[in-house]
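First comes the structure, then the notes that go with it.
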Amino acid sequence: MDKDKITFLGTGGARFTVARQLLASGGTWLNLGGTEILVDPGPGSLVYAIKQGYDPARLSGIILSHKHLDHSVDINVMIEAMTNGGWKQRGVVYAPADAFEDGAVILPYVRRYPERVELLAEGNEYTIGDIKFSTPVKHIHQVETYGFKFQTPRHQFSWITDTKVFDALASYYKSDLLIINVLCYEHRVPVEHLSLAEAKQIIKEIKPRMAILTHFGVPLWKVKPWEIEDAISDEIGIRVIAARDGMVFDLDEIEEKS
């Protein structure tokens, strides 16, 4: 049986990191026991996926956490690629309602290409094959945004996407592995993103076996989080990894390295 693997097609977040391509911005490819899912296909997603050897025509679903461009620019081309240019109706697209409304990022003509389109909403659960995921709480962000909790037949993991910190945020994402978007090195008002200090506090509250940091803005990129991940791990007493562009994470490592 295929293993559960997560491939980071990009670890860059927000406009300046993405515009300068200081880090790649292709989103994240999940291969969960053979079920392939793409999350947040930002700029370059198609190119980065193919360079990694992935075939978009094998995708079973595409999930969009929110419509900001660093998460959504390539969603239309990836829907076309998943459906053989629209000639083969297949796959599911999940996105918040405002991705289809005024300022829509998913174009009307591609919406008929997948087998179905499902709207993300707070507290809902969704199924792709034998994979389940939920959107436990609506985030505080400039547009409608959700994080995720995934359940495979063998593993569980959660993902806190873009958000401002708020009361009880950590309580919604209890799991063995936490992926967390960390844009800022220090807290910045009024930016509705997590800082490194806030991410560390959330990890301490959730107490996962392991945590992966990703979606870095320029200030955090400058301090090279992948060079200080051991210090962060020692500080909070939980194994923390700073994702790298192209990094493949085998979920079996949760038990091996925690």
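The values are calculated or read from the model by the stated rules, or taken from the named source; none is laboratory data. Please read all numbers here as calculations on a predicted model, not as lab measurements. Neighbour counts run over all protein chains shown; Cβ positions are idealised from the backbone, glycine included.
Please work out which residue is farthest from residue 30 (Cα to Cα), limiting yourself to segment 237-258 and to residues that are of a type in the set (Gly, Ala, Ser) and out of contact with any Phe, Trp or Tyr (no Cβ under 6 Å at 6 or more places or on another chain).
First, pick out the residues of segment 237-258 that are of a type in the set (Gly, Ala, Ser): 237, 242-243, 246, 258.
Filter once more, keeping what is out of contact with any Phe, Trp or Tyr (no Cβ under 6 Å at 6 or more places or on another chain): 237, 246, 258.
On the way: 237: 27, 246: 12, 258: 21 Å.
Looking at residues that are of a type in the set (Gly, Ala, Ser) and out of contact with any Phe, Trp or Tyr (no Cβ under 6 Å at 6 or more places or on another chain), I get 237.
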Filter result for residue 91 (among the small types (Gly, Ala, Ser), over 16 Å from residue 63 (Cα atoms), touching a helix residue (DSSP H, G or I) at 6+ places or on another chain (Cβ under 9 Å) and at pLDDT 95 or above):
no
In segment 155-171, which residues are touching an Asp or Glu at 6+ places or on another chain (Cβ under 6 Å) and either charged (D, E, K, R) or in a loop (DSSP other than H, G, I, E, B) (or both)?
155, 164, 165
Failed item, numbered, when residue 68 is tested on (1) under 14 Å from the mean Cα position of the chain (by Cα); (2) at pLDDT below 95:
(2)
Evaluation of residue 58 against (1) within 19 Å of residue 159 (Cβ to Cβ); (2) out of contact with any Gly (no Cβ under 6 Å at 6 or more places or on another chain); (3) of a type outside the set (A, V, I, L, M) (one fails), failing number:
(1)
Return yes when residue 129 is within 30 Å of residue 3 (Cα to Cα), surrounded by fewer than 21 Cβ atoms within 10 Å (Cβ to Cβ) and modelled with pLDDT under 95 and no when it is not.
yes
Find the residue count for segment 29-54, including only residues that are touching a residue at least 40 places away in the same chain (Cβ under 8 Å) and within 13 Å of the chain's Cα centre (by Cα).
5
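Of everything in segment 57-101 that's part of a strand (DSSP E or B) and among the hydrophobic types (A, V, I, L, M, F, W, C), which residue is surrounded by the fewest Cβ atoms within 10 Å (Cβ to Cβ)?
Filtering segment 57-101 down to residues part of a strand (DSSP E or B) leaves 59-63, 92-96.
So of that shortlist, the ones also among the hydrophobic types (A, V, I, L, M, F, W, C) come out as 59, 62-63, 92-93, 95.
Values: 59: 27, 62: 27, 63: 27, 92: 20, 93: 27, 95: 24.
Here the answer is 92.
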What are the residue pairs meeting all of these: first residue in segment 193-213, first residue farther than 21 Å from residue 15 by Cα, second residue of a type in the set (Asp, Glu) and outside any helix (DSSP H, G or I), Cβ atoms under 6 Å, and 6 or more apart or on different chains?
208/176; 209/176
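Can you find, within segment 26-56, the residue that is farthest from residue 95 (Cα to Cα) among those that are part of a strand (DSSP E or B) and either among the basic types (Lys, Arg) or in contact with an Asp or Glu (Cβ under 6 Å, 6 or more places away or on another chain) (or both)?
The initial filter retains those residues of segment 26-56 that are part of a strand (DSSP E or B), namely 26-32, 35-39.
Those left that are additionally either among the basic types (Lys, Arg) or in contact with an Asp or Glu (Cβ under 6 Å, 6 or more places away or on another chain) (or both): 27, 32.
On the way: 27: 14, 32: 20 Å.
Step by step, filter segment 26-56, then rank; the result is 32.
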Being without any contact (Cβ under 8 Å) to a residue 40 or more places away in the chain, touching a Ser or Thr at 6+ places or on another chain (Cβ under 8 Å) and of a type in the set (A, V, I, L, M, F, W, C) is the filter here, so list the residues in segment 179-192 that pass it.
180, 184
Output for segment 205-258, where each listed residue is at pLDDT 95 or above, of a type in the set (Asp, Glu) and either buried (at least 20 other Cβ atoms within 10 Å of the Cβ) or farther than 25 Å from residue 49 by Cβ (or both):
205, 227, 229, 230, 234, 235
Of everything in segment 141-163, what is surrounded by fewer than 17 Cβ atoms within 10 Å (Cβ to Cβ) and under 22 Å from residue 197 (Cβ atoms)? Give them in sequence order.
142
Lone unmet requirement of (1) more than 18 Å from the chain's Cα centre (by Cα); (2) assigned to a loop (DSSP other than H, G, I, E, B) for residue 144:
(1)
